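One structure below.
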Amino acid sequence: MPGNASGLHLDTSASDIVEIAALRGRAPDVARIALERGVQLPALGRAVAAADHLALCVRPERWLILTPPASVGASAAAWQSACVGLGAVLDLSSALSTLEFSGSQAREVLVRSCRIDLDAQAFPVGTACATIMAQVAVILVALGSGLLLLTPASTARHFHEWLLAAARPLGFEPPSQRNDAAASDDAVGCGDKPS
Amino acid sequence: MLRIRCPWCGERDETEFRYRGDASQSRPAADAGLEAFSAYVYERKNPRGWHLEWWLHVGGCRRLLKLVRHTLTHEIRWVGNAEDQASLPREPGR
Amino acid sequence: MQGPARIAEGLLTDAARPLGFRFDGQRMQGVAGDTLASALLANGRRLVGRSFKYHRPRGIVTAGPEEPCALVDVIGAGGREPNHLATTLALYQDLVAESQNRWPSLGFDVMALNDRIARFIPAGFYYKTFMAPGWAWEPLYEPLIRHAAGLGRLDAIVGEHAALAETVHDHADVLVVGAGVAGLTAAHRLGASGLRVVLAEQDTVLGGGALLDARWAEWRETTCDALAGLPRVHCLARTTVLGAYGHGVFAALETLAGADAANLGRLRERLRIIRARRVIFATGAIERLIAFPGNDLPGVMLAGAALGYLRRYGVAVGRQPAFFLNTDQAYESVFALAGAGIERVGVIDVRSGSLAAERARVLGIEVHEGVVVEAVIGRGAVGGVRVANRDGSQRREFEADSLLISGGYCPATALASQLGAALKWQDAIAAFTPELAPAAGRVAGAARGVFGLAAAARNGEAAARVIGAELGHASLAAGLELALPPDAEATPIGALWEVQARGKAFVDLQNDVTAADVRLAQLEGYEHVEHMKRYTTHGMATDQGRIGGLVGSAVLAQARGLPLAEVGQPKARPYAQPVPLAALAGSEVRQHLKPKRRLPLHDWHEAAGASFVTTGLWLRPLVYSRQSGWQPVLREARAVRTSVGVTDVSTLGKIDVQGPDAAKFLDFIYANTFSTLAVGRSRYGIMLREDGMLLDDGTTSRLAQQHFLVTTTTANAAAVLEHIEFHLQAVCPQFDVLLSDVGDQWAQFAIAGPRSREVVTALVADLDLSGQAFPFMAASAATIAGVAGRVFRISFSGELAYELAVPARHGLQVWLAVLAAGRPFGIRPYGLDALNTLRIEKGHVTGAEMNGNTSADDLGFGRMLKPQADFIGRELSQRAGLHAPDRLQLVGVRPVNRKRRLRNGAHLVAAKARTVSLGYVTSSTPSTELEGWVGLALLEGGRHCRVQRLLASSPVHNEATEVEIVSPHMIDPENVRVRA
Ligand SMILES: [Zn+2]
């Protein structure tokens, strides 16, 4: 963000997210069908980014496929009909929030709660994992552009606030945060008293 | 603190797991009767030594692990998935 | 200007930067780089506190974290913080500190009377004295003890301005604890070979013993520079490793540079959780005291500390120091002080004919050999010493203004002990060294008894080689090849623990434990070193007995007539140093203490004026009003009974279950049957634990032949998911079933009330909602206000009701459409309170009744348990005890006097036996339709209760309300409404 001393960037963006879980022994079939649909399913602990999607795997024989937002459930429905009898296809577009965190100090902020070794050698681009941060579940993906974080929607605000607080000592001061502060000062100035 | 080498996720902090009890107990057959089920639910050896345990990786892959841990030293000798067979190491003099 | 005792430039101090500070109200000046202790000493300040038990005057004893006496309160804008160590507290401009444990002032302490009556307060005094009578404890003894004992005073303002801390997670190939010569060598060799090294040093600078020996200055600088240039080496100064927790996990406390009590609202501490594949403990050795009468007087200090103050801060601790020592190593202090121009230096050496004594004499220093200090002369400060032969003969006195003592050195074994190291006695150094299993780590340098800097460097290098080889570096990259200044040849230690003479000889200066106390403990049967420790409190103060711990063990060994090797030392446990609670809490405090789960429509609810309640982690709308009392709640609930209401039930747990064996698996998980459920239908289900008690309930729907959606209660969502995940993998691995948590995916709204069908019909075009086509417990996919979702005809309120589920992102759109469609009927959003009112009247249970102690039978679900097939909890639910007629069973209660209220938790008692509880009220509410209050209760044998009336007794409210026992289904018991 401009004017930011920390060089950190935090972006939230909506994606369509589909989870595909293979039934017993069906993972190869799912992978084949995915390939036919232009998606290479990565191995456990890995992520594959393509021009129009990101596929990642943090649970055995289960994949998340992120695509730009389209009409409600369309992506899930398409995968659903392709995978009949092979596994469970779930629309998780609303269940997970995505945060993209980048900049030279991004990993430095995340080690304030992340127990995973995020050293660039230990967690190189293309790595994905599920873990706990700030007491909530997080899926971390190392992308060329930074780190992608997926967190449950219900705790997304909590996580976001925690992240901002953790980044503050490193000089990160998001503009929106300043606006909020200004807004609340105004409210007090107007004599708006709580009942 | 334990560090548990999840077969799927790699080495992780104990914090990510939920302990699910003695894995040497297996659920009796439906018709095994009250005594067998009482033993399954309530009776534990509580050994001083090697112990077969269930751990659920709730903060990671959500898979159930079976592992062999020493209750005195916390050494974890073996970790496998739920279906793997494991035998407890013998300890000399016990 | 910077104090009369500052005689030279210090290694750490900057004379050009004076700093003003206040101690006990007195203005003084130090310089940048000082600790509070060095600044006080520079100002000639000796007396810095009063002792814990006897209120004896105490001074500064050490120059580091092992300090037992110089504890101070620091007063800042954030409040008063006790127990700062003056010996490690970095001085800053305008620091305000006060001495502790003195009343009314340090110089005149009323409690010092304790010192004169010491005969009456021996070890175990509190145990023995404050025994009986019990009533006296609270009003009398406790305030008395609290006033007399204790150290600092806690008076911190806890709030936004309090100091912050954070947690950082570190990973390394090798953790090296201690940056003395051994640690620096090991860290450099490993780091230069490409290994990832964390080097943690408690001191503000790296170097350890090399800081105190000018010959090692160049070696130290070159090595530190080289380390700084290694990208994979992370050097952490001011970082104390607090605990070794096994599996390569360590906790360390980093005190941030420039952070101090004046620095509000900024980070002060950082807790580091370090995970390392290997560890090297190069923690050095700690000088120990000798027990002799008066060894606690201000002016008595460890010899090594005097060396530290001179080299590091340029401060001479005395102009006429007497040394009392028993090793050649301690002579380094003698030579340093003499070399710095202190002329009147005298040495009392326990031994005779040591090499160091010879060297001292050559330098013209007066040395008395084969003698001991029997007493310190002076009251309030050292004025001289009385020296005698070891048998007490040939007493003589010497003038001295300070007494610098050294009883030898104890390797710092605490961390190694935490990893299970055995302690092995070493006669050569009269101390224990740790025997650490190779798999657990390595100990190097003085920590393993290798004294002498050159020897320590070589030892650190050897440790690095072993660790490097274990980590796949059979040969390490070349070292710096620096010349090591040779260690002087030394005469062995002449072990001396105690000089027995008249007067108090302390083994623990912070807890005021004397050698006599230790002997008393032994006499009274507390012979084991761990028992002696607890009886006398030796080593239990914040300094953990670092400088006197072994001395106490030695006194005990002598009393027991056993070798010290056999008596041993108490086991060290984390933390190795006191830790501020704020540092342990890290960033997970205040608003980040616990995660908050927010509904997809949280902002709407907030804007609509909802009061929120936290249930589990969720923030849920309690009632859409800021007005207190039941009226707003009843307004919402009555809308449901009379017309229509809508509530956000997105907090319910939702688990997607798919696969060929999904139906069979649910039959095993639930006590009732789901395999017979038709596609497009829902069923209420109950789950038991394997011990037969109720675990959870909820509605499960069959969306397709092999596809179910399980709902759980809000509170149990995570636990139920774990429960079924565990059973699928551990007990039913043969089943091909996929479980997915879809709780956050769906926003779900209950639309309830007699007009609800009309509202839902207006929203759903592609579904026939007539009673016949979509009866009670039907479920279907549908397009709701243009959004693909699901409709369920289920009811928690007891009214005709539907639940609509849509992807949470589109929740607001659908919620607004519901409100619009319901406007003609006066639809109201209702909160958790109204939801509760409705379900209580209907006799539906929640966690208040399903509380872990109730069985299916207790709550009236007995007939739901399937008789034929197996399920979790089946066998043990049949235990006779769970069917005993006098078990607590669910009933309804209503006050006989309709004007009286009910209270949750009130006990049900018979009027004639009011102290015998027959049960208790679990939930209660004013009713929407019935007159007055209604409640649910668990009552002994409630279902077949013959008594019609009991008292609901709430002694805490001083209330006893007569209640009648009724059926829990107080509204529409025939279930007509839900089937409308
Ligand atoms: Zn895992």
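Exactly one residue out of B:L64, B:L52 is within 8 Å of chain C (Cβ to nearest Cβ), under 30 Å from C:G692 (Cβ atoms) and surrounded by 15 or more Cβ atoms within 10 Å (Cβ to Cβ): that is B:L64.
B:Y19 meets all of the listed conditions (1) at pLDDT 95 or above; (2) surrounded by 15 or more Cβ atoms within 10 Å (Cβ to Cβ); (3) more than 9 Å from chain C (Cβ to nearest Cβ) but one, namely (2). C:G3 passes every criterion in (1) surrounded by 20 or more Cβ atoms within 10 Å (Cβ to Cβ); (2) at positive phi; (3) within 32 Å of the chain's Cα centre (by Cα) apart from (3). Put simply, of A:A74, A:A137 the only residue that is at the interface with another protein chain (Cβ under 10 Å from one of its Cβ atoms) and over 23 Å from B:R62 (Cα atoms) is A:A74. Restricting the stretch C:749-764 to residues that are crowded, with 24+ Cβ neighbours inside 10 Å and not hydrophobic (A, V, I, L, M, F, W, C) leaves a set whose member that is nearest to the other protein chains (Cβ to nearest Cβ) is C:S756.
If you check C:R590, C:R573 for being under 31 Å from the mean Cα position of the chain (by Cα), surrounded by fewer than 18 Cβ atoms within 10 Å (Cβ to Cβ) and within 14 Å of another protein chain (Cβ to nearest Cβ), only one passes: C:R590. When the residues of the stretch B:77-87 are filtered to those that are facing chain C (nearest Cβ under 10 Å) and within 14 Å of the ligand (Cβ to nearest atom), the one that is nearest to B:S26 (Cα to Cα) is B:A82. When residues in the stretch C:495-536 are screened for being part of a loop (DSSP other than H, G, I, E, B), over 27 Å from C:L85 (Cα atoms) and more than 33 Å from the chain's Cα centre (by Cα), 9 of them pass. Scan (1) in contact with a helix residue (DSSP H, G or I) (Cβ under 6 Å, 6 or more places away or on another chain); (2) at pLDDT below 95; (3) of a type in the set (A, V, I, L, M) for the single condition C:L256 breaks and write down its number. Result: C:L256 fails condition (1) only.
The set of residues from the stretch B:1-47 being acidic (D, E) and either more than 16 Å from the ligand (Cβ to nearest atom) or in contact (Cβ under 8 Å) with a residue 24 or more places away in the chain (or both) comprises B:E16, B:D22, B:D31, B:E35, B:E43.
Looking across the stretch A:117-132, the residues that are surrounded by 22 or more Cβ atoms within 10 Å (Cβ to Cβ) and within 8 Å of another protein chain (Cβ to nearest Cβ) come down to A:C129, A:A130.
Only a single item in (1) at pLDDT below 95; (2) in a strand (DSSP E or B) is not met by B:E83, and it is number (2). Select from the stretch B:33-46 the residues that are within 10 Å of chain C (Cβ to nearest Cβ) and either surrounded by 14 or more Cβ atoms within 10 Å (Cβ to Cβ) or part of a helix (DSSP H, G or I) (or both) and list them in ascending order. Across the stretch B:33-46, the qualifying residues are B:L34, B:E35, B:A36, B:F37, B:S38, B:Y40, B:V41, B:Y42. Taken as a whole, the condition of being of a type outside the set (G, A, S) and either buried (at least 16 other Cβ atoms within 10 Å of the Cβ) or not in a loop (DSSP other than H, G, I, E, B) (or both) applies to C:R894. Taking residues in the stretch C:727-745 that are more than 8 Å from chain A (Cβ to nearest Cβ) and among the aromatic types (F, W, Y), and partners anywhere that are crowded, with 20+ Cβ neighbours inside 10 Å and in a helix (DSSP H, G or I), the pairs with Cβ atoms closer than 9 Å and at least 6 places apart or on different chains are C:F735/C:A662; C:F735/C:F665; C:F735/C:F668; C:F735/C:L728. What do you reckon, is A:A137 away from the ligand (no atom under 16 Å from the Cβ), at pLDDT 95 or above and farther than 30 Å from A:E36 by Cα? So A:A137 fails the test. When the stretch C:684-726 is limited to residues that are under 25 Å from C:F776 (Cα atoms) and of a type in the set (D, E), the one that is nearest to the other protein chains (Cβ to nearest Cβ) turns out to be C:D696. No other residue among C:L882, C:L876, C:L939, C:L902 is out of contact with any helix residue (DSSP H, G or I) (no Cβ under 6 Å at 6 or more places or on another chain) and within 14 Å of another protein chain (Cβ to nearest Cβ) apart from C:L882.
Scanning the stretch A:101-132 for residues being within 16 Å of the ligand (Cβ to nearest atom) and under 15 Å from the mean Cα position of the chain (by Cα) gives a total of 7.
Checking each residue in the stretch A:87-116 for being more than 29 Å from C:S740 (Cα to Cα) and within 8 Å of another protein chain (Cβ to nearest Cβ) picks out only A:R112.
The values are calculated or read from the model by the stated rules, or taken from the named source; none is laboratory data. Given the structure is predicted, the values throughout are model-derived calculations rather than measurements. Counting neighbours? That spans all protein chains shown, and the Cβs are built from the backbone with ideal geometry, glycine included.
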